[in-house]
Structure formats: structure tokens, C-alpha cells
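A.B. asks: So that we are looking at the same thing, I have put the structure below in C-alpha cells.
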Amino acid sequence: MAWQRKVLRVDLTRGTSRVEPLNMEWANAYIGERGLGTKYLSENMDPKADALGPDNVLIFATGPLTGTMASTSGRYAVLCKGPLTNAIACSNSGGKFGAEMKFAGYDLIILQGRSEKPVYLHIVDDEVEILPADALWGKGVWFTEDWIKNHHGNPNLKVASIGEAGENLVRYACVVNDLHRAAGRSGVGAVMGSKNLKAIACHGTKGVRVDDPKRFMAVVKETHKKLAESGGRKELTKVGTNAMIDVMQEWGGLPTRNFQEVQFEGTGKINPEAAVTPNAHGHVNLITNKACFGCTIACGRIAHIDKEHFTVVNRKEYWHASGGLEYETAYALGPVVGVDDIDALTFANFMMNEHGMDPISFGVTLAAAMEMYEMGVLTREHTDGVELKFGNAEALAVMAEKTGKGEGFGKELGMGSMRLTAKYGHPELFMGVKGQEFAGYDSRALQGMGLGYATSNRGACHLKHDVFGEDMEDISGNNKAQPVKDSQDRVAMIDSTGLCLFTTAGWGVEDFVAQLDAACEGSWTKERCLESGERTWTLERMFNMRAGLTGADDSLPKRLLEDPAPSGNAKGKVAELGKMLPEYYAVRGWTTEGMPTNETLNRLAL
Amino acid sequence: MQKSLLIDPDKCTSCLQCEMACSFEHEGVFNPARSRIKIFEFEHGKRAVPYTCTQCAEAWCLHACPVEALVRNKTTGAVEVRDEICVGCKVCTIACPFGTVNYNPDSGKVIKCDLCGGDPQCAAACPTEAITYVDSAWTGYERMQAWAVKTDTKAATA
């Protein structure tokens, strides 16, 4: 119950597929989605394998609560070794694909090997076909979804696909489903591209059952109510995640112009207020909000670009509505590149979705290129004649499209910031960890966030821990190790259920536990669930250690460790990683070099 | 008082809680493929429209059924399928001008909205009140009121 107890294993090299039973021992230890996917990945590949080679394994994983009436039950994760970090990659997504995959009867889809020619997977319940994707190769995500639905005459198909960025092995290419929801980070789309797999299209009619339906419905009624009444939830529904841009601006934690500054003068032009205010032509950016599968929050934004804006004035094909700005896209296509033109940001975001790229990594890579351009390291000769200065909205729009399509300087931007800055002799300008770029929070102004970034198993990420409260209560690096560790384990558990992290706006651990306990057989306690989260975290860490990473990779850029924040609440402060990291290793039960001790591994049955 | 489902597409976020609630009520499983109500999305999610049976007073499906498996529930006004009589001939699915009667290949019977016997679970599950269950005689009440409030007779006579 809750799990479908089936795994679909596809061998792309041989062009075959087979169904195998879900390992319930692993499901009981790792719950599902992120945790269970990590276990399957660890058991199915050598972490030393080339991330873009055929020996990497790509896993689509749902959780036990995916496809149930629990709020936000649409989530699935994509796991593999990441080409940006050479560490474990685990990116989750909403939309409707994840639930559909579960309705077709599969908890996990494991993709191995590499197809000789471009293919896509077509799944309707038990029927699984590997079909040629020649008509789709070289096309974007939006074309691909439409084509597949039309080709099969089945509007009920849900599609997860890669755009040209995934095909071109852009190191931060994503897997996009339902047009504008994405397993966004760490380059999982490039791995899909390296396997010559264009898309997975899925329709299911089997449904999902739970262990104790009566109790589950009673629990869900309560959790729905709790979430509905939460102030944080109301804010997410009404304003969306971009409410954060005003908070970070005020706080002084908004990374600006490649982290040279922590406040941006142009937030008023790209914040939620700007999105609902008519411009000179009477155009309003935001149209409506939208939910993912099963979600009673609906934080997603649907927006459109002013028809008279330079990005689309002669391009009618981009006049329609699509996914709008969320906080991370607004930050990475805005302050960090110094741009304050909301239509240019929205256009760049459309490019990210259509061509399948992570806007965070793209934006921060472009920011590093802009800094090098302003230093004179890069010139117009490198940049196809584009004036690559901070604040140039045209440069943002042009480079977003070039990177997506793999044209000109876009190919260089597709390497990601670490490789790009190294190539041009300025590795210190890479703003990220383990090869992955930072999200929109500055480590000098949010110390626990900095520790979380440094220790995140998939490279810099804001979604693998949750210490906003602690960071804003105490701006120093004191007492951050324990809450970072605890929240990392908690988030790993939540990510493993099949539900969305944003429900924590209204729910505590006990709410996830109550829903799991009613849906799944056996007894699910808070202790068991949190231990499962810690087990997942530690297994991810062990994957990385086996891949060749060490404690030395738990680092932050020199800029954040040595150059004080120039303004805001943290003015004069640097990231206190040197103090926090040893404390963190100690509370984790790891050696001073950051290796989990045998005692810790035994305690977690690893 | 007879009640009807009132659908306001402007409020729909396309979360599909209604489809899950419907399938759970009728099949005991969360399965949008077997829901009697369906959400349609247009233009990358710009619009989402819930669609289900309107319980016609002169029901095409009911008249078309050759075995009288479709029966009016006098309390709720809903046209219900009697599974023990339905032979799965699908004539009703052809007769319905709106497409809201459909065949379930798993059971060999047709399925349609039956208003859950007077407590429609789609409306109960909807988090945004895009689907509500109201007095049949006044489904237009809110819309009338919205126009009424805009009416300014003073401006015309001043």
C-alpha cells in the first residue's frame, strides 16, 4: 500500500525494459523518493563512473505519498551522479508527471546504459515502449510535450523531457515536466541527454491505494486544514516565493553582481508588487497562480511578457502565458546579474523552461562572465559582440537563448561557473560549492545557510536544510551546527515522502509522520522517520566519498570568507565557516576530516 | 431544496484534489483516470476549467439507455448509474452532448457524476471554492450580485 511495489528498469543500451518488485526492506529504511532513490543509485552504480558516460544511472523516484490526497503529493525526484559536481545529484519536481508515473504502477524508473540513437519512453500502465525520438532531437521542451501528446493522440500523457540544453550536455541542464516544472539542479538533464533519452511520457490508470484509507482521510482532512490556516501558506498562495526578494533586500542577504554586494537597488522593479503593477503600456506581468498535483498551496506563478518588449516584439510565439518568476529565478536572472527589467527576466525564464536549464546556475555563471568582462578578461570577441556588463538586460536575454540552443558564447556559459572561471584564469570568481552555483542567499548574512551550502551533498543548495529562523535570530555563526544537521535530516525525510518542502509553512514533522503512518503499512514514528532522514543524508555523503570527494570540498569561495558584506545587517561580516564546520562534523559523528565514523555508520545500519 | 455543483473556473488552480476525492469516493483509490470530474488546462496553465455532469432535467443519457440502468435520484436530482443493471453498451456515452458519461474498462460499466448522494466530495475537497454545492435555483446568485454591485444608477440620472 502507498508504494506500488514495482520498479521499471530500462536498459537503454539494449533497448529493453523489465519490471521488478520494489525492495521493501529498502523502502522501509529509506521511505521513498529521495531516500529510496539514493539507496537504489548507490547499489546500482560505481560512484566513480563518468557522470556523462553510459555507466551513470538515472533514476526517477516517487514517494509513498505521491499520488495521494495528501497536499502537494505530486513530487518525484531525479537522481544520478551529477555532471556539475561529480557528486550525487538529486533534484525534485512538482507538476503532474510524478503522480502519473505512480498511477501507471511504478515507484521508480531506473534508466541504465546509453541508447545509440535518440529515443523516448512511452508508458501506459503495463505497456512500455522505447520509441525513436528523431523528430524531437534538437527541439525544445514545449515542442516535445505537444508532439508526443499529438503523436499518440493521448492528451492524458504527462511528459518529462529535456530541451536542447540537455542534448548539448549543458552541465546544469534540467528535466522539465508539464511545460514549466523542473527537476532543476545539478545537471540531471545533461545525464538524460548523455543517454540519448529525450523524454518519458506516461499515463496511468491504476491509482494509488493507502494502508488505512479511513484514518488517512481523517488525517488528511486535518493536515489540509492546518496548512490552509497557516500564515506562511497564505503568503505563498498570494505572493509566491518571490516574497523573499523584499525580505532579503531588507536583510542585506540578496547576492548582487556576482556576490560583490548583498543588496540590489532594482528590487522594486522585479518584486511581487512590480509583477501586478501595470507598466507604461498597461501590461501586467502576472496572470494567475497555479498548483502542482495535489497541492493546496498553489505558489506557482503564471505570467506573460509585454508584447512590445524588445525580447518578443517580433516573436509572437512568446506572447503566450507560461511559468513566471519565483524567488530563485528572480534572483538569478535579476540581482546577481544586476538586471531589473521584469520582462527580460520573464523572457530569460521562458528560455530556461523551453530549452531546459537551471536558472540559478545559468544566472550565476552569467554573473561570473559579466564580472570577467568588466575586468577585461573577456571581451566582445569572446561574447559574440555582446556587451556583457552587469545590468544589461539584452545580454541576459541573448545569452539565455544562446546557452539554451548551444550557440556561440552560450556554449561557454553551458560549462557552469566553476569551469568557465577556471578556463579564463579566475577560479576565485566562481560563486558556489562543489561546482554548483549558490541560490539567492548570501552566506555572510545567513551563517547557517553558509554551513548548509558548504555541506550540501549536491553542491550549493538552499533546499537541503532550513535554518532561516536561527539565522535571522542570531547573525553570528554561533550555535548553527546542530540546527543545520537536524534540519538536513528533517528535509531529507520530507523529500522522501513524495510531498513538497513548502508544506512546512504549516506542518511540523508530526504531520508528515501522521500521513505516512496512515498510508503505509507498519508503524511510522517520528524517531523512525527522522532516523531515515539521517540515514539518507549519510548515504549521500558516502556516495560522494566513494566518488572521490573529501572534507576539503565542504568549502565556500574566498569572497565570502574574506571580503566583508558591504551593507545590510551583516555589514562587516564574513562567513564563519572555519568555526562552524568542525562543530558540524562533531554533531554528525564524523571525523575531523568529515568522514562518517564506523560507529555512526553502524548506528544508521549503513 | 435541490442543490447543484457550481463551478467557477477563475478560482481553479488545477490541483486535482477534486479528481482524487471523486475517485476515492467511488472506487476507494486515488485515481484521476477514474474521476467523474475532470480539470482541463489551457495555455501553459493560464486557465484551468473543472468539468463534470450538470444533471440535465431532460437527460439524454437516461433516455438513451436501453435497459433503464440510469435512474434519477429524486432527492438529489442526480442521474445515477445502477451498476447491477448497466450492460456497458455505452449508448449513453454517445447520447450525452457534453461527454460527461464515460466507460470504465476495469468494471465494464459506465461512470458519471452522482453528486455522491448529496455530499459531493469534489466540492468538499476543493481548496479554493472553485467547486461549491449550492441551491439549484440560485447558481447565478453570486454573478448577479457581482453585476448588481457595479450598477450605479445615480450616474445616469445626475
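The values are calculated or read from the model by the stated rules, or taken from the named source; none is laboratory data. Here the structure is a predicted model, which means the values were calculated and not measured. Counting neighbours? That spans all protein chains shown, and the Cβs are built from the backbone with ideal geometry, glycine included.
A quick yes/no check of all residues on (1) within 26 Å of residue A:179 (Cα to Cα); (2) more than 10 Å from chain A (Cβ to nearest Cβ); (3) part of a strand (DSSP E or B); (4) charged (D, E, K, R):
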| residue | (1), (2), (3), (4) |
| --- | --- |
| B:4 | no, yes, yes, no |
| B:33 | yes, no, no, no |
| B:41 | yes, no, yes, yes |
| B:50 | yes, yes, yes, no |
| B:55 | no, yes, no, no |
| B:61 | no, yes, no, no |
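A.B. asks: Of the residues A:493, A:542, A:472, which single one is within 18 Å of residue A:441 (Cβ to Cβ) and modelled with pLDDT of 95 or more? Spell out how you get there, then give the answer.
C.D. replies: Numbers: A:493 fails: within 18 Å of residue A:441 (Cβ to Cβ); A:542 fails: within 18 Å of residue A:441 (Cβ to Cβ).
The unique qualifying residue is A:472.
A.B. asks: What is the residue count in region A:263-289 for residues that are of a type in the set (Val, Ile, Thr) and more than 19 Å from residue B:45 (Cβ to Cβ)?
C.D. replies: Number of matching residues: 3.
A.B. asks: Can you tell me which residue in region A:187-206 is nearest to residue A:521 (Cα to Cα), limited to those that are within 14 Å of another protein chain (Cβ to nearest Cβ) and surrounded by 24 or more Cβ atoms within 10 Å (Cβ to Cβ)?
C.D. replies: Going through region A:187-206, the residues within 14 Å of another protein chain (Cβ to nearest Cβ) turn out to be A:202-206.
The next check asks that each one be surrounded by 24 or more Cβ atoms within 10 Å (Cβ to Cβ); those that pass are A:202, A:204.
Values: A:202: 27, A:204: 23 Å.
In this case the residue turns out to be A:204.
A.B. asks: While we're on this one: Checking residue B:99 against (1) of a type outside the set (Phe, Trp, Tyr); (2) surrounded by fewer than 18 Cβ atoms within 10 Å (Cβ to Cβ); (3) more than 14 Å from chain A (Cβ to nearest Cβ); (4) assigned to a loop (DSSP other than H, G, I, E, B), only one condition comes out false. Which one?
C.D. replies: So the condition that residue B:99 fails would be (3).
A.B. asks: May I ask you to list the residues in region A:280-323 that are within 10 Å of chain B (Cβ to nearest Cβ) and without any contact (Cβ under 8 Å) to a residue 60 or more places away in the chain?
C.D. replies: A:287, A:288, A:289, A:290, A:291, A:302, A:303, A:304, A:320, A:321
A.B. asks: Mind telling me which of the residues B:128, B:132 ends up being under 13 Å from the mean Cα position of the chain (by Cα), more than 15 Å from residue B:53 (Cβ to Cβ), surrounded by 13 or more Cβ atoms within 10 Å (Cβ to Cβ) and hydroxyl-bearing (Ser, Thr, Tyr)?
C.D. replies: On the way: B:128 fails: under 13 Å from the mean Cα position of the chain (by Cα).
Being under 13 Å from the mean Cα position of the chain (by Cα), more than 15 Å from residue B:53 (Cβ to Cβ), surrounded by 13 or more Cβ atoms within 10 Å (Cβ to Cβ) and hydroxyl-bearing (Ser, Thr, Tyr) holds for just one of B:128, B:132, which is B:132.
A.B. asks: Across region A:569-606, what is the total count of residues that are small (Gly, Ala, Ser) and in contact with a helix residue (DSSP H, G or I) (Cβ under 6 Å, 6 or more places away or on another chain)?
C.D. replies: To start, the set of residues in region A:569-606 that are small (Gly, Ala, Ser) comprises A:570, A:572, A:575, A:578, A:586, A:589, A:594, A:605.
So of that shortlist, the ones also in contact with a helix residue (DSSP H, G or I) (Cβ under 6 Å, 6 or more places away or on another chain) come out as A:575, A:589, A:594.
The total comes to 3.
A.B. asks: Given (1) under 17 Å from residue A:342 (Cα atoms); (2) under 26 Å from the mean Cα position of the chain (by Cα); (3) hydroxyl-bearing (Ser, Thr, Tyr); (4) assigned to a loop (DSSP other than H, G, I, E, B), where does residue A:296 come up short, assuming only one miss?
C.D. replies: Exception for residue A:296: condition (1).
A.B. asks: Which one of these does residue B:9 not meet: (1) at pLDDT 95 or above; (2) over 14 Å from the mean Cα position of the chain (by Cα)?
C.D. replies: (2)
A.B. asks: Ok, one more. Determine whether residue A:226 is surrounded by fewer than 24 Cβ atoms within 10 Å (Cβ to Cβ), outside the structural domain of residue A:446 (by TED's automatic domain parsing) and without any contact (Cβ under 8 Å) to a residue 24 or more places away in the chain.
C.D. replies: On the way: surrounded by fewer than 24 Cβ atoms within 10 Å (Cβ to Cβ): yes; outside the structural domain of residue A:446 (by TED's automatic domain parsing): yes; without any contact (Cβ under 8 Å) to a residue 24 or more places away in the chain: no.
Taking the combined requirement at face value, the residue does not satisfy it.
Results for (1) within 14 Å of chain A (Cβ to nearest Cβ); (2) in contact with a Phe, Trp or Tyr (Cβ under 7 Å, 6 or more places away or on another chain); (3) modelled with pLDDT under 95, shown as yes or no for each residue.
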position: B:108; (1), (2), (3): no, no, no
position: B:113; (1), (2), (3): no, no, no
position: B:131; (1), (2), (3): yes, no, no
position: B:135; (1), (2), (3): no, no, no
position: B:145; (1), (2), (3): no, no, yes
position: B:149; (1), (2), (3): no, no, yes
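Yes/no matrix, rows are residues, columns are (1) without any contact (Cβ under 8 Å) to a residue 24 or more places away in the chain; (2) touching a His at 6+ places or on another chain (Cβ under 8 Å); (3) polar (S, T, N, Q); (4) over 24 Å from residue A:73 (Cβ atoms):
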| site | (1), (2), (3), (4) |
| --- | --- |
| A:536 | no, no, yes, no |
| A:539 | no, no, no, yes |
| A:544 | no, no, yes, yes |
| A:565 | no, no, no, yes |
| A:570 | no, no, no, yes |
| A:599 | yes, no, no, yes |
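A.B. asks: While we're on this one: Considering region B:15-53 alone, what residues qualify as being on the phi > 0 side of the Ramachandran plot and buried (at least 24 other Cβ atoms within 10 Å of the Cβ)? If you could, list the steps in order and put the result at the bottom.
C.D. replies: The initial filter retains those residues of region B:15-53 that are on the phi > 0 side of the Ramachandran plot, namely B:16, B:28, B:43-45.
Of everything in region B:15-53, those that are on the phi > 0 side of the Ramachandran plot and buried (at least 24 other Cβ atoms within 10 Å of the Cβ) turn out to be B:16, B:45.
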